[in-house]
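Just below is one structure, and these are the notes that go with it.
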2 protein chains.
Amino acid sequence: MKKAERLVALTAILQSRPNELLPLGFFAELFATAKSTISEDLVSVKEALRHSGRGTLETVPGAAGGVRFIPLIEKKEAEQLLEKLAEELSSPDRILPGGFLYMADILYDPAVVRPLGLIFAGIFREKEPEVVVTMETKGIPLALMTADALGIPAVVVRHGNKVTEGSSVSINYVSGSSRRIQTMSLTRKALETGKRVLIIDDFIKAGGTAKGIMSLMEEFDAEVVCLGVLMEGAVDDTPRLIDKYHALLQLAEVDPLTEKSVVKANKL
Amino acid sequence: MKKAERLVALTAILQSRPNELLPLGFFAELFATAKSTISEDLVSVKEALRHSGRGTLETVPGAAGGVRFIPLIEKKEAEQLLEKLAEELSSPDRILPGGFLYMADILYDPAVVRPLGLIFAGIFREKEPEVVVTMETKGIPLALMTADALGIPAVVVRHGNKVTEGSSVSINYVSGSSRRIQTMSLTRKALETGKRVLIIDDFIKAGGTAKGIMSLMEEFDAEVVCLGVLMEGAVDDTPRLIDKYHALLQLAEVDPLTEKSVVKANKL
């Protein structure tokens, strides 16, 4: 195989297994070549990836070492994506009876949530989270794509209590906007104690759900390193129960009477 | 930029935007080179990708044309992955009170569901589905990754009825195993009528949920082209309400008394 072809195949394999440590010997065997050759190839791949803006290679030296592909998205591209998303979400036909904003189609579109996961990963990687936690249902795709970009698992907190998942911890919380008492639960098996946790959710208004998840995390001795949400309600709207979070978009205005809604992209 | 570097950057960009048609002019501008050069590069990338087993390039000729990366997983790797998963799921400590099998950790681990999505996509791509439909909650990650691999959106059917998603269609269905009457609903906005639908779910026992989704799909004039599930209950266990589906794994045996469970990988 020619060097150029080998570089492409190397890139394709690394990129399809993000965040996974692959030993040099694995590639040496696959391409029937010397480890030193693979080592040189990886230098070229790293340099070329820098130009593509799509990720970087992390090299771990030593016998147990290898190379790991860390997926990235460029800041400029991320900003353009959020601007486009804000515009799309500002469309009048997204306003639902009750003043809600329809965004499920966007949350379940992989072509949208994949890059959103990369954006979240870029923001929170330095906090070194070990698990991404979200609340069912609409937070799941965002949490999963963020977890994929970070190379860590996701954990889903559920409404109520599920008999099919074994013993679980349940807490009651007050939903910030509706002021109703609700229950959320997490299976014991789902989360080891003492983990560094990143909470990801689709929307934050008063913050009741987020506060509930935080209380639940205490039961698992988890340290919540940060909270990332796709969209926050208008800043001067409702007093929030929590104040430390990172929102990508802001629902600045929504009026069911005039059918006008304004979604803005926050600074990255 | 040297040719080899350009090839790596090209591969990285194509792979990070799977199933998206990217015009040759986009790359020509990005690399400040002629379209004819990009065209030659793509021939090399295509050949090298064939060696990597990670995907293929589809070229669409003409003015509105371009190139599209279709992600793939090799049959041998897929089989190994399913064997490994079957072994892991056969562990005695996964048996829960009531004879359920704990598998939520696997369903929410991107490193597992990403390749599972590729496997499903490989099986169902020729049926040309336009949307992946699943039932909340545990089906979502599998459905999302399958949708991502196919380059189509996902749609999530919900238990009960959600006021925050606008007008919806609800149906009652009989859960096949518990024989309880339950409700599932889907927002009108979520699915245009007349689509080709692939149903993806985590588990099938009697098939009540699957049959419910199929009835719901009739309300949207959708054509269900296939049903893919991660795991089926033992074949001679319960008579099934539906018989056409594709399961990757089989729960051959689960005995809460002896704490023994046997999960087998089905032939691909």
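The values are calculated or read from the model by the stated rules, or taken from the named source; none is laboratory data. Quantities reported herein were computed from a predicted structural model and do not represent experimental measurements. Cβ sites come from the backbone with ideal geometry, for glycine too, and all protein chains shown count toward neighbours. Ligands, DNA and RNA are stripped out before the accessible areas are found, and what is left, the full protein with its side chains, is counted by its heavy atoms. Shrake-Rupley method; radii C 1.70, N 1.55, O 1.52, S 1.80 Å.
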Square roots of five times the Cα gyration tensor eigenvalues for the stretch A:38-92, Å: 36, 12, 6
Beta bridges by DSSP in the stretch B:75-265, antiparallel share as percent, to the nearest 5: 45 percent
Shielded residues, the stretch A:91-119 - accessible-area loss of 30 Å² or more between chain alone and all protein chains, probe 1.4 Å: A:96, A:100, A:102, A:108, A:110, A:114
Loop-located GluC sites (Glu not before Pro) in the stretch B:117-212 whose Cβ has at most 13 other Cβ within 10 Å (DSSP): B:192
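Taking the Cα centre as origin and putting +1 on Lys and Arg beta-carbons and -1 on Asp and Glu beta-carbons, what dipole magnitude results for the protein assembly as shown, to the nearest 20 debye?
The calculation lands at about 360 debye.
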Whether the stretch B:3-71 is rounded, prolate or oblate, judged on the alpha carbon gyration tensor where a/c under 1.5 counts as rounded: oblate
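For residue B:255 and residue A:167, what does the FRET efficiency come to when R0 = 30 Å and r is the distance between their Cβ atoms, rounded to the nearest 0.05?
E between residue B:255 and residue A:167, to the nearest 0.05, is 0.90.
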Across A:205/A:264; A:3/A:35; A:75/B:35; A:2/B:267; B:76/B:260, pairs whose alpha-carbon gap is larger than 25 Å: A:75/B:35; A:2/B:267; B:76/B:260
Chain-alone versus full-assembly comparison, the stretch B:50-64, residues with accessible loss of at least 10 Å² (1.4 Å probe): B:51, B:52, B:54
Other-copy label distances relative to residue B:25, 7 angstrom Cα-Cβ extension, nm: 5.1
Fluctuation leader among B:55, B:99, B:117 - chain B, Gaussian network, Cα springs under 10 angstrom: B:99
Accessible carbon and sulfur surface of the stretch B:189-238 relative to its total accessible area, %, 1.4 Å: 38 percent
Whole-Å distance, taken between Cα centres, linking the stretch B:215-232 and the stretch B:179-203: 7 Å
Of all DSSP beta bridges in the protein assembly as shown, antiparallel share, percent nearest 5: 55 percent
Residues of type lysines that residue A:195 reaches as a straight line, Cα spacing below 20 Å, ignoring anything fewer than 8 places off in the same chain: A:127, A:211, A:244
Size of the protein assembly as shown as Cα extents on the principal axes (Å, biggest first): 62, 60, 49
Residues in the stretch B:127-142 occluded by at least 40 Å² - accessible area, probe radius 1.4 Å, against chain by itself: B:137, B:138, B:140
Size of charge dipole - the stretch A:111-243 - debye, nearest 20, with Cβ of Lys, Arg +1 and Asp, Glu -1, no other charges: 380 debye
Gained length - residue B:64 relative to residue B:246, 0.36 nm times residue gap less alpha-carbon distance: 61.9 nm
Listed residues A:56, A:33, A:209, most fluctuating in chain A (Gaussian network, C-alpha, under 10 Å): A:33
Sparse-neighbourhood loop sites, GluC sites (Glu not before Pro) in the stretch A:4-105 - DSSP loop, at most 14 other Cβ within 10 angstrom: A:20, A:74
Copies compared at residue B:80 - label distances in nm, ascending, label defined 7 Å from Cα in the Cβ direction: 3.8
Interface size A-B, as summed buried accessible area [1.4 Å probe, Å², nearest 100]: 4600 Å²
Rounded percent of accessible protein surface that carbon and sulfur make up, the stretch A:44-109, 1.4 Å probe: 53 percent
Cleavage-rule hits (trypsin sites (Lys or Arg not before Pro)) in the stretch B:168-268: DSSP loop, at most 11 neighbouring Cβ within 10 angstrom: B:179, B:180, B:244, B:267
Selection from B:85, A:197, A:187, by position along the positive dipole direction of the protein assembly as shown (Cβ): B:85
Solvent-accessible heavy-atom area per residue, rounded to whole Å², over the protein assembly as shown at 1.4 Å: 45 Å²
Global geometry of chain A, whether rounded, prolate or oblate, following the gyration tensor of its Cα atoms and the 1.5 cut on a/c: oblate
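Taking R0 as 41 Å, what FRET efficiency do you get between residue B:79 and residue B:34 from their Cβ-Cβ distance, rounded to the nearest 0.05?
Computed FRET efficiency for residue B:79 and residue B:34: 0.45.
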Gap separating the Cα centres of the stretch B:105-139 and the stretch A:24-86, nearest whole Å: 26 Å
